[in-house]
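Student: Below is the structure I would like to discuss, written out as C-alpha cells.
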Amino acid sequence: MRGFHFSNFQPDDLPKGGFDELLKLFTQLLNYTAGDAGETLAWMNELDKQYKFTNNDYGMGDFIEDLKDKGYLKENPANGDMNITAKTEQTIRQSALEEIFGKLKKAGKGNHNSNISGIGEEKNADRREYTFGDSLDQIDMTASIHNAQINHGIGNFTLTERDLEVEEKDYKTLTSTVLMIDISHSMILYGEDRITPAKKVAMALAELIKTRYPKDTLDIVVFGNDAWPITVKDLPYLQVGPYHTNTFAGLELAADLLRRRKTHNKQIFMITDGKPTCLKENGRYYKNSMGLDRKVINKTLNMAAQCKRLNIPITTFMIAQDPYLQQFVREFTQINGGRAFYSSLTGLGEYIFEDYIKNRRKTVR
C-alpha cells in the first residue's frame, strides 16, 4: 500500500540503563540546568517515567547513590541539597570535547607547528650536512655513523665532519587565546537556547588545550552590560542575565589580558548573537537597543582597530542571520583584519576547533 506510515518517535541515544549510560545523560542535562544537580535529577526522573530507561534491577535511587559513592555528587548536610563536584565538572568538559571535537587522544606537551625549520622542538623529515654552529643535539648519531661506515669502511672506522648528518626540527609557537561569550538576554530570546552551545564549546576548548596543548593559555571573558573574566570551573554554572551587549568592554578586557601574556601568537574568539548596544561612561550605562547606535558602534570599531595595532586578530562567530548585523560584522572584521563566521548552533564547535588549530600554525613575529 502506498503512502506513509506513522509511529511513535523513539530516540536512539536514550540510555539503556546502568550507571555509565545514565551518567552521560546526567552530564548533558547539567549543561542546560546551569550545573543545578537537583533540577537535573528531577528532569531525569520525569524522562524516566516517559521513556523507562531504568528497571527493577537498577533504579534512579541506585544511580543517585552511585553518584555519591563515586564522587560525582556531594550532599549539603545543612539542607540536604545536592551539588556537583570537581570530578563532575571535569567529566562535563571531557564529554563536551568528545561531542564536539571527537575523541582526541592525549598527546605530549603540545605546541603548534610553524613553517620554519631549524633548532626547533619537533623532528621533521629534512636532513642536511653539518655546518659550523649546529648544536650537538641536532646531530643524528645513528645516521652519521652509518654515513661514516659507507664513506670509510668498517675496518678502518673514521668519523669526520662531512659524515655528520643534522636533522632539522620544526619551531613551535605558543598561543594565547581569549574566548569571549555574550551573556546578554538575547542569547535565550525567541525560544532558542544559544548559551548552552557556547558553554559546551568553551568547556571543550579548555579541555583540548589542557590535554593536548598545555603550554597554550586560555582566558574566558563574559560580557553583558559589563565584562568580567571567569574560570573554566565557572562554565557549567554560567547563565544569561538581563543584560545589554557591551562588546567594547569585552574586547577591552580581552586585550588587557593578552597584553600580559608573554607570547607572540595572541587571538580573540568572540561568540555573539547580536549587535553592540551598551557602553559604560563615567560610571553610567549608555544603552540603545534600537538599530545600530552610531556612538556604540564607532567605539566598538575603534577597539577592533586597537586590537589590530596590538597584533591581536579577532575571530567573530555570529549566531545570527540578520543582514544588517552581518554588515556590521563585515566592517568590524575588515578593520581588525580578523575573520568572521556566520555559524549555526550545531556547527559552532567545529568552526572554532578548526580555526583554533589553523591559527596555532601561524607564527607572529
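Student: Quick one: how many Å² of His185 are accessible to a 1.4 Å probe, rounded to 10?
Tutor: We get 80 Å² for His185.
Student: Cα centroid distance between the stretch 303-325 and the stretch 200-268, in Å?
Tutor: Going from one Cα centre to the other spans 15 Å.
Student: Something else about it: Taking 7 Å along the Cα-to-C-beta vector as the label spot, tell me the Leu189-Asn282 distance in nanometres, rounded to one decimal.
Tutor: It works out to 2.9 nm between the two label points.
Student: How big is the accessible area of Lys210 in square angstrom, nearest 10, if you roll a 1.4 angstrom probe over the protein chains?
Tutor: 120 Å²
Student: Mark the label point 7 Å from the Cα of Trp228 along Cα→Cβ and return the residues of the stretch 70-86 whose backbone N is within less than 12 Å of it.
Tutor: It comes to no residues whatsoever.
Student: What figure in square angstrom, to the nearest 10, would you give for the accessible area of Met141 with a 1.4 Å probe?
Tutor: 90 Å²
Student: Now for a separate question. Give me the number: length gained by fully extending Ser135 to Asp66, i.e. 0.36 nm times residue separation minus the C-alpha to C-alpha distance, one decimal in nm.
Tutor: Full extension from Ser135 to Asp66 adds 19.2 nm.
Student: Would you list Glu192, Glu129 from the most to the least accessible area, probe 1.4 Å?
Tutor: Glu129, Glu192
Student: While we're on this one: Ranked by accessible surface with a 1.4 Å probe, highest first, in what order do Ser186, Ser176 come?
Tutor: From most accessible down to least: Ser186, Ser176.
Student: Next question. Output the pairs from Lys210/Lys280; Lys49/Lys74; Lys70/Lys199; Lys87/Lys210 with a Cα-Cα distance over 23 Å in this structure; if there are none, say none.
Tutor: The answer is Lys210/Lys280; Lys49/Lys74; Lys70/Lys199.
Student: With no solvent and one point on each alpha carbon, what is the Debye value of log10 I(q)/I(0) for the stretch 19-84 at q = 0.12, 0.17, 0.21 Å⁻¹?
Tutor: Here the Debye-derived log intensity ratios amount to -0.28, -0.57, -0.87.
Student: I would also like to ask the following. Using a 1.4 angstrom probe with every protein chain in place, what is the largest-first accessible-area order of Tyr32, Tyr285?
Tutor: Per-residue accessible area, sorted high to low, gives Tyr32, Tyr285.
Student: I've got another one for you. Per 5 Å bin, what is the whole-percent P(r) computed from every C-alpha pair distance within the stretch 122-170?
Tutor: Computed distribution, short to long bins: 5, 23, 30, 20, 13, 6, 2, 0.
The values are calculated or read from the model by the stated rules, or taken from the named source; none is laboratory data. What you see is a predicted model; the values in this text were computed from it and never measured. Methodologically, a virtual Cβ is constructed for each residue, glycine included, from the backbone with ideal geometry; neighbour enumeration extends over all protein chains shown. We work out accessible area using only protein heavy atoms, side chains counted, and drop any ligands, DNA or RNA first. Shrake-Rupley method; radii C 1.70, N 1.55, O 1.52, S 1.80 Å.
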